[in-house]
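Notes for the one structure printed next.
The values are calculated or read from the model by the stated rules, or taken from the named source; none is laboratory data. The shown structure was predicted, so the numbers you read here are calculated from the model rather than taken from an experiment. Because the Cβ atoms are built from the backbone with ideal geometry, glycine has one as well, and the counts that use them run over all protein chains shown. Only protein heavy atoms, including side chains, enter the accessible area calculation; ligands, DNA and RNA are left aside. Shrake-Rupley method; radii C 1.70, N 1.55, O 1.52, S 1.80 Å.
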Amino acid sequence: MERKKRRTPAVAGWSILLAAAGVVMAASSGWTVMASPSPGTSNFLYSVATISNTDAWAVGYDYDANSHQFIVTQHWDGSKWSLVSSPSPGTGKKCGDPSYAANSLYSVGAIASHDVWAVGQICTYSNSRTLTEHWDGNKWAVVPSPNEPGLNASTLVAVAAIATNDVWAVGNYEIVGKYHWNTLIEHWDGVKWSIVSSPNVSGADKNFLNAVAVVSPTDVWAVGYSEGTTSATDVPLIEHYDGQSWSIVTSPFPTPSQFNALYGVTAFVSDDVWAVGYANENSKGQNGQALIEHWDGVRWSLVDSPIAGAATILSSIAPVSSSEIWAVGYIQTRNVQFMPVTEKWNGTSWSVVTPPNPGKVAQLFGVSSANGKVWTVGAYSASPMSQGYMENPRTLIMHR
């Protein structure tokens, strides 16, 4: 799987179609696989946003038979998931090659049924540009978004919406030719997107933001990772907005671990914020435990979690209540196969809740909840992993 901008760890140091509609597979875990379209030869869903039990969105991308990459947006109407047309502007001359097409949506956030945002990128590698799209209740449309000026490749990885005139998006930009990445934060004020100054770790060549969550207009969190400047190779990066400016907040990681990254964050209230991701070792030097951190209003602390596989990567997190929080992702087995994983917080501890797998391998990337129902999205393949990639992946959607 190629996911250049929203980086998932290489943890070694590091097709079948579902039924046309309805329930496909249920498990005693409470998770049910739902039918969802897979329009391309390779299909991925990275994010889901729920407005109500009859209104939800999932976004990602697919590849056609010519390896052209196009946006995928799907909508839940209470009975089935359906494809909804959306622009794929990253084609032709915009990407520097008339025969080339590259479009990705990595995140979706909803304010109301007629006010939904999705963010990602067009083109790839040194030519990437930010992409923001908006649903107004009738159609998806591209909304202009800025890029870092000069020879920089920019992408947006996550979006969180507070109100119609208050939306945040985070990601990164690469200083082309220098192997150097900095954080990128943008804000929508109801009229236009603007770049907002964001800090980077001094001396670090890598600074990535992978997720954003909002408590209030003066309390916003973003998480990711940066290059370690002392002992570890990669360390968690957490930033906070206080209504005036963004600042880096100290975040822990297991001291033996060399590779540490945060991929998801959810903010319940100002003193109850969770972040999840990956650490290649826990504090005891063991492999297979995800990285989970909690903010209590004063400091971030490590929270113990189960050892689910040879390596556990949690990609996203969403609350039902303060005593029911769900994190999703995937585990890597010792023979380098990816299996879906979900973990549940019950107010006291985290536990693994093994979801169904409709194929041989699968990954979960996004999770969202509304009215007590939880949705998660990703991709699966009917074939085993080959050279670290899923073969001909199909979209994967589950709920409980």
Q. Going by the structure shown, is Ser351 among the polar types (S, T, N, Q) and modelled with pLDDT of 95 or more?
A. yes
Q. Got a sec? Which of Ser301, Ser381, Ser349 is open to solvent by less than 10 Å² (accessible area, probe 1.4 Å) and over 17 Å from the mean Cα position of the chain (by Cα)?
A. Ser381
Q: Confirm whether Gly243 is outside any strand (DSSP E or B) and open to solvent by 40 Å² or more (accessible area, probe 1.4 Å).
A: no
Q.
Being under 20 Å from Cys95 (Cβ atoms), open to solvent by 10 Å² or more (accessible area, probe 1.4 Å) and in a loop (DSSP other than H, G, I, E, B): is that true of Ser36 here?
A. no
**Q.** The lone exception for Ser99 - which of (1) closer than 22 Å to Gly40 by Cβ; (2) touching a strand residue (DSSP E or B) at 6+ places or on another chain (Cβ under 7 Å) it fails
**A.** (2)
Q: Run down Phe208, Phe253, Phe268 and say which single residue is farther than 18 Å from Pro319 by Cβ, modelled with pLDDT under 95 and hydrophobic (A, V, I, L, M, F, W, C).
A: Phe253
Q) Out of all the residues in region 62-81, is one or more out of contact with any Asp or Glu (no Cβ under 7 Å at 6 or more places or on another chain) and under 16 Å from Ala153 (Cα atoms)? A) no
Q: Being under 19 Å from Gly60 (Cβ atoms), at pLDDT 95 or above, open to solvent by 40 Å² or more (accessible area, probe 1.4 Å) and in a strand (DSSP E or B) narrows it down to one of Val142, Val170, Val159, so name that one.
A: Val142
Q: Would you tally the residues in region 39-70 being assigned to a loop (DSSP other than H, G, I, E, B) and open to solvent by less than 20 Å² (accessible area, probe 1.4 Å)?
A: 1
Q | Candidates Ser126, Ser79, Ser107 - the one that is at pLDDT 95 or above, open to solvent by 40 Å² or more (accessible area, probe 1.4 Å) and either of a type outside the set (Phe, Trp, Tyr) or assigned to a loop (DSSP other than H, G, I, E, B) (or both) | A | Ser79
**Q.** Members of region 304-339 found to be more than 19 Å from Ala49 (Cβ to Cβ), hydroxyl-bearing (Ser, Thr, Tyr) and open to solvent by less than 30 Å² (accessible area, probe 1.4 Å), listed by number
**A.** Ser305, Thr312, Tyr330
Q.
Condition check: of a type in the set (S, T, N, Q) and crowded, with 17+ Cβ neighbours inside 10 Å. Does Thr164 satisfy that?
A. no
Q: Evaluate the following for Ser305: is it within 15 Å of Val265 (Cα to Cα), touching a strand residue (DSSP E or B) at 6+ places or on another chain (Cβ under 9 Å) and of a type outside the set (A, V, I, L, M)?
A: no
**Q.** Hits in region 186-227 (condition: touching a strand residue (DSSP E or B) at 6+ places or on another chain (Cβ under 8 Å), among the aliphatic types (A, V, I, L, M) and outside any strand (DSSP E or B))
**A.** Val201, Ala204
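Out of Gly378, Gly359, I need the residue that is in a loop (DSSP other than H, G, I, E, B) and not polar (S, T, N, Q). Which one? Don't jump to the end; show me each part of the working.
Values: Gly378 fails: in a loop (DSSP other than H, G, I, E, B).
Going through Gly378, Gly359 in turn, the sole match is Gly359.
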Q. Inside region 265-290, can you point out the residues that are of a type outside the set (S, T, N, Q) and under 15 Å from the mean Cα position of the chain (by Cα)?
A. Val265, Trp274, Ala275, Val276, Gly277, Tyr278
